[in-house]
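Colleague: Starting off with a structure, shown below.
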Protein chains: 2
Amino acid sequence: MFYPFKQLEWTHISKTEPADTAMSPKITGDLLRQLRQAMKNCKYFAEPIQAYIIPSGDAHQSEYIAPCDCRREFICGFNGSAGTAIVTEQYAAMWTDGRYFLQATQQMDNNWTLMKMGLKETPSQEDWLITVLPENSKVGVDPWIYAADQWKNMSTALTSAGHSLVAVQENLIDAVWTNRPKRPSTQLRTLGLEYTGVSWQDKITALRAKMTERKLSWFVATALDEIAWLFNLRGADIEYNPVFFAYTVVGMNTIRLFIDPNRLSDPALRDHLQLDSPSKPELSIQTFPYELVSSELQAICAALGPKDKMWICDKASCALTQVIPKSHRSPIPYTPLCLAKAVKNATEIQGMKMAHIKDAVALCELFAWLEKEIPKGTVTEISAADKAEEFRSQQKDFVGLSFPTISSVGPNGAIIHYRPLPETNRTLTENEVYLIDSGAQYVDGTTDVTRTVHFGTPSAFEKECFTYVLKGHIAVSAAVFPNGTKGHLLDSFARAALWESGLDYLHGTGHGVGCFLNVHEGPCGISYKTFADEPLEAGMIVSDEPGYYEDGSFGIRLENVVLVVPTKPKYNYRNRGSLTFEPLTLVPIQVKMMDTELLTQKERDWVNDYHRKCREVVGAELERQGRKEALEWLIRESQPIV
Amino acid sequence: MFYPFKQLEWTHISKTEPADTAMSPKITGDLLRQLRQAMKNCKYFAEPIQAYIIPSGDAHQSEYIAPCDCRREFICGFNGSAGTAIVTEQYAAMWTDGRYFLQATQQMDNNWTLMKMGLKETPSQEDWLITVLPENSKVGVDPWIYAADQWKNMSTALTSAGHSLVAVQENLIDAVWTNRPKRPSTQLRTLGLEYTGVSWQDKITALRAKMTERKLSWFVATALDEIAWLFNLRGADIEYNPVFFAYTVVGMNTIRLFIDPNRLSDPALRDHLQLDSPSKPELSIQTFPYELVSSELQAICAALGPKDKMWICDKASCALTQVIPKSHRSPIPYTPLCLAKAVKNATEIQGMKMAHIKDAVALCELFAWLEKEIPKGTVTEISAADKAEEFRSQQKDFVGLSFPTISSVGPNGAIIHYRPLPETNRTLTENEVYLIDSGAQYVDGTTDVTRTVHFGTPSAFEKECFTYVLKGHIAVSAAVFPNGTKGHLLDSFARAALWESGLDYLHGTGHGVGCFLNVHEGPCGISYKTFADEPLEAGMIVSDEPGYYEDGSFGIRLENVVLVVPTKPKYNYRNRGSLTFEPLTLVPIQVKMMDTELLTQKERDWVNDYHRKCREVVGAELERQGRKEALEWLIRESQPIV
């Protein structure tokens, strides 16, 4: 994926891709012929191009994409989350990373060369192009799905070798893709103050205050979750992510929303956005068709004063970025909306808490059910995942899953990005570790929880590893740290116990979580990879999910979603104030998997406090819902350890 | 200082500046008049300049500078380590940070405006220049003491406002500085294999191998410690740093050394460098006067082939960097010499160990002496520091101090960059905490150690804080971490105990230490500020120095120099191997300052193991040297705690 900090943070815990499985390759000979014809077709450009780059991703830097945007998959057959295809007159090559070597080999036919990223002998895209292209070649790319910084790097490399990178406005894959799915345009859901806490009008006002503070006269929003958050709207255009395709440009006195006009006929929506009777002129929303963002932005730029500056995220598409003249462009790593969205208000926090209680109810039910059913030998990874979804769907305001459930038994658990498929589906037994990483979208909040359990007797090594992971989880969750601390400074706390025994895990420890929005959001996170993350602030919500993966044997991960809260330790150095975390996830952690001898008294106290809270809070809700078996399971599983 | 990562890492523990003391300002009216005349004098440039920038620092990015390079101090009177002066036709302004506001106010007369960096209302140098300059102005700077990246930023800002930045080849301060000290040219010391482990010839060969690996044909060395390390030579041109002024340009078949020719008459030196009879033609060193580096580099560049690339550090001076045409320039954050120098070989490690044993002998003597003398009321911060130097100077191969001793009593200890002056000198008593941070250069190694002690009865709060600092020190020193871990990932371990009680310290935890070289060296360190540090490797040597500072009351710091060593924990995940630290500093940590109740059993074991090693290793040396009182002190201070 091309959103750099996402790539850094979540590369190893991406949850969208199927596991390596036996599958037949896509036959691409005809398609490639058509694409190469399009590359020579002067309908699209003044001169033919000698190479065409097909990145993953959409025009909004989305982590998850809609079917109409799966162009790289369409052209080569490989459907992993990360990969870039390049087609020249003679060659077709696809770059992906180590997670996908096997899958890509299976999904691509022999028209394609797999470029194994991370291996020393594999050339970069730039170097490969320079090697294979005839002199003075033109390389095309759709600037809408290529980020401004990607463009700059590629263009510099090609230019220095005598070639050039050209923006091809019409996407050539779309040109050869018959039956390409339409861009989704699902019904929009309006969220009232009882869910959002702040009206979209107040969010606009706050945004403009930030713009004034930074002396900026315009702001261009391209990230879908930021636009959904700003207008207190949700859609279903992309699976798992309650967002909708749109752009927004906000000036000091004007708001322009670019969106499929067909969506605007709904009276509730018109009312919510005050389209017909704006309360104030500066809060009047002008709507434009989605496709007009570029021309309208051009018109805005043409009328800019010499000192007018426009804010745009530096990961926005090259196409939109370049519409803004450089002298008026003020690129930022995170937009003010991204920052504002990350700090949840009291209403959102309350909603997230409610969502997590409901989610815990569903998981207690699942585990109680699994305990009963597993001995029958009929439960599989897929049926367990389905059952989890079924239980969740019974909860109030359930909308859907927040990502595809990772339900994995034994060795499948060691494949970090595993997703069960019929070909890989294992049966849950009393002999193997079971890892389930799952979450849901409720109208009041988003959940993401991982539990690792054993339904028989775990081995001493499994328990030992689980306990180190638990120690790491607690070390982060219970950490006290000064205001202004960045999340990456906490990452090593999660690893210290594993490191001491020579173990580790190769993914970050935590990511931001949206409120009825994307399960992965910036700008904060907890990772050994330092990126330009923002300091943690009270009200931010992140995951705490260390793990350990023993290849070919088992996987362990322990994930709670936690809220950053103020705390008052004994002293208060320089009046900076301190922060810690409060777990929102309230699902018991299996004591059977712990080697409690390895825990310190402090750690045992933490486990007991946590379990008491699970029992009290989730127990009350289970009681209210009359879910007796799950309640019994909860009470049994939350007994104090001594 | 302009060496960015140094600035990040050591801003708060810089040891070169005096404390804020009452001093009279320098009278600068005449000087400024002369400088402004020079700014209009066409002897120096085609057109007059409207502003002149006077940075701190020399042409080699040195942390410590020679008197002839103290130009900013000369023009404005302020002698702190960090600050930039800018003089226009009407104004004179000097930017420095919060450590120096008081000192700068006292040292500068009212011709100068103090620009308090870090305050919101203080404009940046660029913004200030743009505000005060008439249209279309020229701003001059000496490109030899301005780094390439500084130039780029300043130039871009000025150009976008219609001004321009111009390189003034002759330094205008030097032009008005009568009696400017000469550039030092001290006698050079040659180091044999018994100290260096590797001949300079083998270091050149290894450098060329790296150049071949990266396809580079030339390397330009500008950092003085890298040049000293490369040629196994030491000088005394800069106080505390055993370096000498020189440049080096290494090609695949040629070595050019730019150095004061007067230094080359010493037969031992000529022999060491094989100046008269090189063993192989490619190891023949051509010497040139120091001043010719620019013209000679120009000549080399003129003869470059189209694919030839030159390595130069991106912190090198603008002047030298710009001699290399951009297409031939390959800037790097750390040079291969910096990386090679950081990983000490077996001989260097052995030397560092010996140096630390001798240094411990001197400190045991100091503490034994202090215990006897303090009750008399005659020991001051200055006399204690002098005594420490006296004891060190009695040790074999002592060369000098490695930085000015920080010897501080009570509230002075809370001034992190304190250095005792007659005006601030406090008497050591049995009522206040005493902090001494000191180190020396021996021919076999460099030391840097901080101990905090009380000669009476420390308060409960002092003990509590000391114990948190000790816990942090141990957490780093005993940490086990995988190969490939960067030092900044360990920083939070040093703070966790302080954080838990709401405390912290505002400096990094550790810096690299040279071997009979600079006490601060890159590229590795342990800091909350993440910079492009390199992973820790076995053989690297860093300091481990958490602290706590209670303003107006006391300061605590606990510093050992530690060696990165391989270790074998129970498991070995993905065969990555693990590392930990071995303390080289072997001076007892005062048990009286510890609240041992707050220590875990593991921490108590660490203290006891450490003290046993001090007793065994340093005790043997004290015995050998017949230093009986110090030995008694050591034995008493290294008793196990229970």
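Colleague: Any residue at all in segment B:135-148 that's modelled with pLDDT under 95 and assigned to a helix (DSSP H, G or I)?
Modeller: Yes: one or more hits.
Colleague: Here's something else I'd like to know. Take segment A:42-94 and flag every residue that is in contact with a helix residue (DSSP H, G or I) (Cβ under 7 Å, 6 or more places away or on another chain), more than 25 Å from A:Arg183 (Cα to Cα) and in contact (Cβ under 8 Å) with a residue 60 or more places away in the chain.
Modeller: Answer for segment A:42-94, where residues must be in contact with a helix residue (DSSP H, G or I) (Cβ under 7 Å, 6 or more places away or on another chain), more than 25 Å from A:Arg183 (Cα to Cα) and in contact (Cβ under 8 Å) with a residue 60 or more places away in the chain: A:Pro48, A:Ile49, A:Ala51, A:Ala92.
Colleague: Given the options B:Asp359, B:Asp314, B:Asp308, name the one that is among the charged types (D, E, K, R), under 25 Å from B:Gln169 (Cα atoms) and surrounded by 16 or more Cβ atoms within 10 Å (Cβ to Cβ).
Modeller: On inspection, the qualifying residue turns out to be B:Asp314.
Colleague: Mind listing just one residue for me: the one in segment A:475-484 that is touching a strand residue (DSSP E or B) at 6+ places or on another chain (Cβ under 9 Å) and either part of a helix (DSSP H, G or I) or at pLDDT below 95 (or both) and, of those, farthest from the other protein chains (Cβ to nearest Cβ)?
Modeller: A:Ser477
Conditions (1) at pLDDT below 95; (2) within 24 Å of A:Asn41 (Cβ to Cβ); (3) surrounded by 18 or more Cβ atoms within 10 Å (Cβ to Cβ); (4) not polar (S, T, N, Q), marked per residue:
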site	(1), (2), (3), (4)
A:Thr113	no, no, no, no
A:Thr159	yes, no, no, no
A:Gln169	yes, yes, no, no
A:Gly192	no, no, no, yes
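Colleague: Residue by residue through segment B:172-190, note down the ones that are part of a helix (DSSP H, G or I) and either among the small types (Gly, Ala, Ser) or buried (at least 17 other Cβ atoms within 10 Å of the Cβ) (or both).
Modeller: B:Leu172, B:Ile173, B:Ala175, B:Val176
Colleague: What number of residues in segment B:503-524 are farther than 13 Å from B:Cys338 by Cα and buried (at least 20 other Cβ atoms within 10 Å of the Cβ)? Working first, answer last.
Modeller: Kept after step one, since they are farther than 13 Å from B:Cys338 by Cα, are these residues of segment B:503-524: B:503-511, B:516, B:519.
From what's left, buried (at least 20 other Cβ atoms within 10 Å of the Cβ): B:503-505, B:507-511, B:516, B:519.
Here the count works out to 10.
Colleague: Assuming A:Leu489 fulfils every condition listed in (1) more than 7 Å from every other protein chain (Cβ to nearest Cβ); (2) of a type outside the set (Lys, Arg); (3) on the phi < 0 side of the Ramachandran plot apart from one, which condition is it?
Modeller: Unmet condition: (1).
Colleague: Any chance segment B:523-532 includes a residue that's facing chain A (nearest Cβ under 9 Å) and either within 21 Å of the chain's Cα centre (by Cα) or modelled with pLDDT of 95 or more (or both)?
Modeller: Initially, segment B:523-532 is screened for residues facing chain A (nearest Cβ under 9 Å), giving B:528, B:530.
Restricting the remaining residues to those that are either within 21 Å of the chain's Cα centre (by Cα) or modelled with pLDDT of 95 or more (or both) gives B:528, B:530.
Taking every residue of segment B:523-532 in turn, at least one turns out to be facing chain A (nearest Cβ under 9 Å) and either within 21 Å of the chain's Cα centre (by Cα) or modelled with pLDDT of 95 or more (or both).
Colleague: Go through (1) part of a strand (DSSP E or B); (2) touching a helix residue (DSSP H, G or I) at 6+ places or on another chain (Cβ under 7 Å) and name the single condition A:Glu365 misses.
Modeller: (1)
Colleague: Give the residues of segment B:453-462 that are surrounded by fewer than 21 Cβ atoms within 10 Å (Cβ to Cβ) and part of a helix (DSSP H, G or I), sorted by residue number.
Modeller: Within segment B:453-462, B:Ala460, B:Phe461 meet the criteria.
Colleague: Can we say B:Phe244 is over 30 Å from B:Leu586 (Cα atoms) and in contact with a helix residue (DSSP H, G or I) (Cβ under 6 Å, 6 or more places away or on another chain)?
Modeller: No; evaluated as a whole, the condition is false for this residue.
Colleague: Continuing with this model, one more query. Considering only segment A:97-109, how many residues are free of Cβ contacts under 8 Å to residues at least 60 places away in the same chain and either under 10 Å from A:Cys76 (Cα atoms) or not in a helix (DSSP H, G or I) (or both)? Break it down into steps so the answer makes sense when it comes.
Modeller: Keep residues of segment A:97-109 that are free of Cβ contacts under 8 Å to residues at least 60 places away in the same chain, which gives A:98, A:101, A:104-105.
Narrowing the set further to residues that are either under 10 Å from A:Cys76 (Cα atoms) or not in a helix (DSSP H, G or I) (or both) leaves A:104.
So the count comes out to 1.
Colleague: Is it the case, given these coordinates, that B:Phe403 is surrounded by fewer than 21 Cβ atoms within 10 Å (Cβ to Cβ) and in contact with a strand residue (DSSP E or B) (Cβ under 9 Å, 6 or more places away or on another chain)?
Modeller: No, not satisfied.
Colleague: Also, quick follow-up: B:Ile75 fails exactly one of the following numbered conditions: (1) assigned to a helix (DSSP H, G or I); (2) modelled with pLDDT of 95 or more; (3) farther than 23 Å from B:Asn153 by Cα; (4) out of contact with any strand residue (DSSP E or B) (no Cβ under 6 Å at 6 or more places or on another chain). What is the number of that condition?
Modeller: In the conditions (1) assigned to a helix (DSSP H, G or I); (2) modelled with pLDDT of 95 or more; (3) farther than 23 Å from B:Asn153 by Cα; (4) out of contact with any strand residue (DSSP E or B) (no Cβ under 6 Å at 6 or more places or on another chain), B:Ile75 misses (4) alone.
Colleague: Select from segment B:582-620 the residues that are in a helix (DSSP H, G or I) and more than 16 Å from B:Glu637 (Cα to Cα) and list them in ascending order. Give the steps one after another, and end with the answer.
Modeller: Of segment B:582-620, the ones in a helix (DSSP H, G or I) are B:591-593, B:596-598, B:601-620.
Of everything in segment B:582-620, those that are in a helix (DSSP H, G or I) and more than 16 Å from B:Glu637 (Cα to Cα) turn out to be B:Glu597, B:Leu598, B:Gln601, B:Lys602, B:Glu603.
Colleague: Further, regarding this structure: Name the residues in segment B:620-642 that are surrounded by fewer than 19 Cβ atoms within 10 Å (Cβ to Cβ), over 25 Å from B:Ala494 (Cβ atoms) and not acidic (Asp, Glu), would you?
Modeller: Result: B:Ala620, B:Arg624, B:Gln625, B:Gly626, B:Lys628, B:Ile635, B:Arg636, B:Gln639, B:Val642.
Colleague: Suppose the filter is more than 19 Å from A:Val449 (Cβ to Cβ), touching a helix residue (DSSP H, G or I) at 6+ places or on another chain (Cβ under 7 Å), touching a residue at least 40 places away in the same chain (Cβ under 8 Å) and among the β-branched types (Val, Ile, Thr); does A:Thr596 pass it?
Modeller: Spelling it out, A:Thr596 is indeed more than 19 Å from A:Val449 (Cβ to Cβ), touching a helix residue (DSSP H, G or I) at 6+ places or on another chain (Cβ under 7 Å), touching a residue at least 40 places away in the same chain (Cβ under 8 Å) and among the β-branched types (Val, Ile, Thr).
Colleague: Quick one: in segment B:495-522, of everything that is more than 7 Å from chain A (Cβ to nearest Cβ), among the hydrophobic types (A, V, I, L, M, F, W, C) and touching a strand residue (DSSP E or B) at 6+ places or on another chain (Cβ under 7 Å), which residue is nearest to B:Ser543 (Cα to Cα)?
Modeller: Looking at the filtered set, the residue picked out is B:Val513.
Colleague: A further question on this structure: Please specify each residue of segment A:232-277 satisfying the condition of being more than 24 Å from A:Gln298 (Cβ to Cβ), in a strand (DSSP E or B) and in contact with a strand residue (DSSP E or B) (Cβ under 9 Å, 6 or more places away or on another chain).
Modeller: Residues satisfying the conditions are A:Leu233, A:Arg234, A:Asn241.
Colleague: Condition (residue is outside any helix (DSSP H, G or I), under 20 Å from the mean Cα position of the chain (by Cα) and more than 30 Å from B:Thr186 (Cα to Cα)) applied to segment B:80-92: is it met by at least one residue?
Modeller: no
Colleague: Anything in segment B:414-436 that is modelled with pLDDT of 95 or more and under 18 Å from B:Asp551 (Cβ atoms)? List them, or say none.
Modeller: B:Arg426, B:Glu432, B:Val433, B:Tyr434, B:Leu435
Colleague: On the basis of being closer than 30 Å to A:Gly400 by Cα, among the polar types (S, T, N, Q), assigned to a helix (DSSP H, G or I) and in contact (Cβ under 8 Å) with a residue 24 or more places away in the chain, does A:Gln201 make the cut?
Modeller: Numbers: closer than 30 Å to A:Gly400 by Cα: yes; among the polar types (S, T, N, Q): yes; assigned to a helix (DSSP H, G or I): yes; in contact (Cβ under 8 Å) with a residue 24 or more places away in the chain: yes.
Yes, satisfied.
Colleague: Suppose we keep only residues that are assigned to a strand (DSSP E or B) and more than 14 Å from every other protein chain (Cβ to nearest Cβ) within segment A:555-581. Which one would you say is surrounded by the fewest Cβ atoms within 10 Å (Cβ to Cβ)?
Modeller: Step by step, filter segment A:555-581, then rank; the result is A:Val565.
Colleague: Which pairs have Cβ atoms under 9 Å, sit 6 or more apart or on different chains, and link a residue in segment A:377-396 that is within 12 Å of A:Pro420 (Cβ to Cβ) to one that is of a type in the set (S, T, N, Q) and part of a helix (DSSP H, G or I)?
Modeller: Matching pairs, first to second residue: A:Glu381/A:Asn412.
Colleague: A follow-up question, please. For B:Ile145, are the conditions met, namely being under 21 Å from B:Lys43 (Cα atoms), in contact with a Pro (Cβ under 8 Å, 6 or more places away or on another chain) and buried (at least 21 other Cβ atoms within 10 Å of the Cβ)? Walk me through how you get there before you give the answer.
Modeller: Values: under 21 Å from B:Lys43 (Cα atoms): yes; in contact with a Pro (Cβ under 8 Å, 6 or more places away or on another chain): yes; buried (at least 21 other Cβ atoms within 10 Å of the Cβ): yes.
It is true that B:Ile145 is under 21 Å from B:Lys43 (Cα atoms), in contact with a Pro (Cβ under 8 Å, 6 or more places away or on another chain) and buried (at least 21 other Cβ atoms within 10 Å of the Cβ).
Colleague: State whether one or more residues within segment A:435-452 are outside any helix (DSSP H, G or I) and within 11 Å of another protein chain (Cβ to nearest Cβ).
Modeller: Within segment A:435-452, none of the residues are outside any helix (DSSP H, G or I) and within 11 Å of another protein chain (Cβ to nearest Cβ).
The values are calculated or read from the model by the stated rules, or taken from the named source; none is laboratory data. Predicted model only: the values in this text are computed from it and were never measured. Every residue, glycine as well, gets a Cβ built from its backbone with ideal geometry; the counts of neighbours run over all protein chains shown.
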